[in-house]
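Notes follow once the structure below has been shown.
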Amino acid sequence: MSQLDTLRQTLAAHREEYLDILKQLVRCDTQCIGHGILGGKERAGLEVYEQVVRGMGAQVQLEPLDEDSVQRAICTYNDGNAGHNYDDRYNVYATFGKSEPGKRSIAFNAHMDVMPVGELSFWESDPFDPVVRDGKLYGRGSGDDKGGIAAAVAAVKLLQDSGIEIPGQVQLHCVSDEEGGGNGSINAAIKGHRADACVICEATGNNAIWAHMGFVFFKVEVTGKSLHSAQKWLGVNAIEKAWKLVEALHELENDWLMRYRHPHLPSPSLNIGVIEGGTAGSTVPDYCSFSLCLHYIPGMMTHAEVIRQVEQCIATRAQGDSWLREHQPKVTVYQQGQGFEQDVREPFPQAVKTAMEQVLPGYGGQFIVSSSGCDARIYKNILGMPTLIVGPGDDSVAHCPNEYVPLDEWYDAILLYAQIILGWCS
């Protein structure tokens, strides 16, 4: 019997045991607060995760998040998100096996924080009570990203239960504050938690993402002059002034659409996601702010140039308005992440491709790209590690009510991760 046949047989015998790992994690409320800026509740899930991996014989390290690491990443790599609350927030690293001459190491990265559940009436069941319906496990974080965490843990357990010695070294990096822009993985990278290759366990339908867009979040603040609306001509409407800037940014986006085309990645995009201003319909608003997220194409557009163009666009439009010229809008970058590209011809992507073809005949081995960013950029750009994003689930249901992970796909991910370990580390 081949090793792969042994793994399949063992997986069939332990399906419910492995699924219980995922259920335990989903039961934990680990919501981020204020997009991670105000804090997060990861601890409950991290304690469960720590207990599981210690029971499997892992070497375990707990490491608090800190602002200094984030500031170093911002200054050196233009990546990171300053000013987050790190009270009771930390990463947990579990290591199995050891580094030996002639053998490789691999890291699996996944995050414990989940997005807020939102309006509970939109959920068909309690978001923190994992429920299996129609071959899917429902619950907040089931796909993003506790499905990935649990699959990586179960892959190591599968090797152990199959009596197969782990070749080389396997590291499981369970991080906090990913939803706030990746500060947990930035802490991991700046503090030197590296291996010979990395799998980011985000939802990809068990395909391999080799590139994703870069992203920058801006907040733009505009002041006006408040007055009773019956004499609006004597005041200055901050909302109307802000909208002039929004129109200018849409013109910039249209210019990018004409100039930048990538053979695989989508076009650059700019989304106005939040606008706030005014106190009453009878009052001319003296303040307005709006927040936007833009995604840009790595390689073709640089991080610094994108920021410069947005700031210049706003400044130029302000110069054409007598009020804004004297009352300059305030532009702040509050979240950012570089783009990510991995050469799929290198040995690690080819090892992953081989494992996918072995485990997932008929639909495996697909290399795809993503319009959204994740922590792959951090391991690739800061640590220089060969990195791919591979995991169970569909990212289109992440952050949504009734989030789920298909269980057949999740079990396939366990087997796939185990085969990647054997193929790469040996």
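The values are calculated or read from the model by the stated rules, or taken from the named source; none is laboratory data. Predicted, not measured: the structure shown is a model, and the values here were computed from it. Cβ: placed from backbone, ideal geometry, glycine included. Neighbour counts: every protein chain shown.
Among the aliphatic types (A, V, I, L, M) and in contact with a helix residue (DSSP H, G or I) (Cβ under 8 Å, 6 or more places away or on another chain): which single residue out of Ala280, Ala230, Ala203 fits that description? I'd like the intermediate steps shown before the answer.
On the way: Ala280 fails: in contact with a helix residue (DSSP H, G or I) (Cβ under 8 Å, 6 or more places away or on another chain); Ala230 fails: in contact with a helix residue (DSSP H, G or I) (Cβ under 8 Å, 6 or more places away or on another chain).
That would be Ala203, the only listed residue that is among the aliphatic types (A, V, I, L, M) and in contact with a helix residue (DSSP H, G or I) (Cβ under 8 Å, 6 or more places away or on another chain).
Could you list, in sequence order, the residues of the range 118-139 that are crowded, with 20+ Cβ neighbours inside 10 Å and out of contact with any helix residue (DSSP H, G or I) (no Cβ under 7 Å at 6 or more places or on another chain)? First the steps, then the outcome.
Looking only at the range 118-139, we keep the residues that are crowded, with 20+ Cβ neighbours inside 10 Å, and these are 127, 130, 136-139.
Selection gives Pro127, Tyr138.
Could you tell me which residue of the range 221-245 is surrounded by the most Cβ atoms within 10 Å (Cβ to Cβ), considering only residues that are in contact with a Lys or Arg (Cβ under 7 Å, 6 or more places away or on another chain) and hydrophobic (A, V, I, L, M, F, W, C)?
The initial filter retains those residues of the range 221-245 that are in contact with a Lys or Arg (Cβ under 7 Å, 6 or more places away or on another chain), namely 221-222, 224, 235-236, 244-245.
Retained after the next criterion (residues that are hydrophobic (A, V, I, L, M, F, W, C)): 222, 236, 245.
Values: Val222: 29, Val236: 22, Leu245: 23.
Only one residue tops the list, namely Val222.
List the pairs whose first member sits in the range 109-130 and is farther than 23 Å from Gly39 by Cβ, whose second member is among the hydrophobic types (A, V, I, L, M, F, W, C) and assigned to a strand (DSSP E or B), and whose Cβ atoms are under 6 Å apart, counting only residues at least 6 apart or on separate chains?
Pairs that qualify, where the first residue is farther than 23 Å from Gly39 by Cβ and the partner is among the hydrophobic types (A, V, I, L, M, F, W, C) and assigned to a strand (DSSP E or B), are Ser125/Val131; Pro130/Leu137.
List, please: which pairs have Cβ atoms under 6 Å, are six or more places apart or on different chains, and start with a residue in the range 286-303 that is assigned by TED's automatic domain parsing to the domain that holds Thr223 and crowded, with 21+ Cβ neighbours inside 10 Å and end with one that is among the hydroxyl-bearing types (Ser, Thr, Tyr) and not in a loop (DSSP other than H, G, I, E, B)?
Once the first residue is assigned by TED's automatic domain parsing to the domain that holds Thr223 and crowded, with 21+ Cβ neighbours inside 10 Å and sits in the range 286-303, its partners that are among the hydroxyl-bearing types (Ser, Thr, Tyr) and not in a loop (DSSP other than H, G, I, E, B) give His295/Ser269.
Write out, first by first residue and then by second, each pair whose Cβ atoms fall under 6 Å of each other, whose residues are 6+ apart or on separate chains, and whose first residue, in the range 387-413, is at positive phi while the second is among the aliphatic types (A, V, I, L, M) and assigned to a strand (DSSP E or B).
Final answer for the pair search is Gly393/Val405.
Let me spell it out: the conditions are (1) under 25 Å from Val216 (Cα atoms); (2) touching a helix residue (DSSP H, G or I) at 6+ places or on another chain (Cβ under 7 Å); (3) of a type in the set (Val, Ile, Thr), and Thr10 meets all of them except one. Which number is the exception?
Failing condition for Thr10: (1).
How many residues are surrounded by fewer than 21 Cβ atoms within 10 Å (Cβ to Cβ) and part of a helix (DSSP H, G or I) when one looks only at the range 23-68?
13
Take the residues of the range 73-86 that are more than 15 Å from the chain's Cα centre (by Cα) and small (Gly, Ala, Ser): which is surrounded by the most Cβ atoms within 10 Å (Cβ to Cβ)? Give the derivation first.
Taking the range 73-86 first, the residues more than 15 Å from the chain's Cα centre (by Cα) are 73-78, 82-86.
Keeping just the survivors that are small (Gly, Ala, Ser) gives 73, 82-83.
Numbers: Ala73: 24, Ala82: 16, Gly83: 9.
This residue is Ala73.
When you look at Ser99, is it modelled with pLDDT under 95, in the same structural domain as Gly168 (by TED's automatic domain parsing) and closer than 30 Å to Leu65 by Cα, yes or no? Let's see the steps before the verdict.
Numbers: modelled with pLDDT under 95: yes; in the same structural domain as Gly168 (by TED's automatic domain parsing): yes; closer than 30 Å to Leu65 by Cα: yes.
For Ser99, the condition - modelled with pLDDT under 95, in the same structural domain as Gly168 (by TED's automatic domain parsing) and closer than 30 Å to Leu65 by Cα - is met.
Filtering the range 173-204 down to residues that are more than 18 Å from Glu67 (Cβ to Cβ) and of a type in the set (Asp, Glu), which residue is surrounded by the most Cβ atoms within 10 Å (Cβ to Cβ)?
In this case the residue turns out to be Glu202.
With a cut-off of at least 2 residues that are over 18 Å from Ile209 (Cα atoms), name the strands (runs of 3 or more DSSP E) lying wholly within the range 300-398. If you could, list the steps in order and put the result at the bottom.
Details: elements: 330-337, 367-370, 387-390.
Output list reads 330-337.
Within the set of pairs 6+ apart or on separate chains, which have a first residue in the range 247-266 that is under 14 Å from Met213 (Cβ atoms), a second that is among the aromatic types (Phe, Trp, Tyr), and C-beta atoms under 9 Å apart?
From the range 247-266, the pairs are Trp256/Tyr296; Tyr260/Tyr296; His264/Trp210.
May I ask you to list the residues in the range 132-170 that are part of a loop (DSSP other than H, G, I, E, B) and in contact with a Lys or Arg (Cβ under 7 Å, 6 or more places away or on another chain)? Break it down into steps so the answer makes sense when it comes.
So in the range 132-170, the residues part of a loop (DSSP other than H, G, I, E, B) come out as 134-135, 139-145, 162-168.
Result: Pro167, Gly168.
Which residues, taken from the range 87-116, are surrounded by fewer than 20 Cβ atoms within 10 Å (Cβ to Cβ) and within 21 Å of the chain's Cα centre (by Cα)?
Asp87, Asp88, Met115, Pro116
For the range 92-106, give me each residue that is touching a residue at least 24 places away in the same chain (Cβ under 8 Å) and either in contact with a Ser or Thr (Cβ under 6 Å, 6 or more places away or on another chain) or of a type in the set (Gly, Ala, Ser) (or both). Steps first, please.
So in the range 92-106, the residues touching a residue at least 24 places away in the same chain (Cβ under 8 Å) come out as 92-100, 103-106.
Ala94, Gly97, Ser99, Ser105 - these are the residues of the range 92-106 that are touching a residue at least 24 places away in the same chain (Cβ under 8 Å) and either in contact with a Ser or Thr (Cβ under 6 Å, 6 or more places away or on another chain) or of a type in the set (Gly, Ala, Ser) (or both).
In the range 179-200, is there at least one residue being out of contact with any Phe, Trp or Tyr (no Cβ under 7 Å at 6 or more places or on another chain), more than 25 Å from Glu63 (Cβ to Cβ) and outside any strand (DSSP E or B)?
Among the residues of the range 179-200, not one is out of contact with any Phe, Trp or Tyr (no Cβ under 7 Å at 6 or more places or on another chain), more than 25 Å from Glu63 (Cβ to Cβ) and outside any strand (DSSP E or B), which makes the answer no.
Each row is one residue, and each column tells you yes or no for (1) crowded, with 22+ Cβ neighbours inside 10 Å; (2) closer than 19 Å to Val175 by Cα; (3) assigned by TED's automatic domain parsing to the domain that holds Ile200.
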position	(1), (2), (3)
Gly320	no, no, no
Trp323	no, no, no
Ala355	yes, no, yes
Leu383	no, yes, yes
His399	no, yes, yes
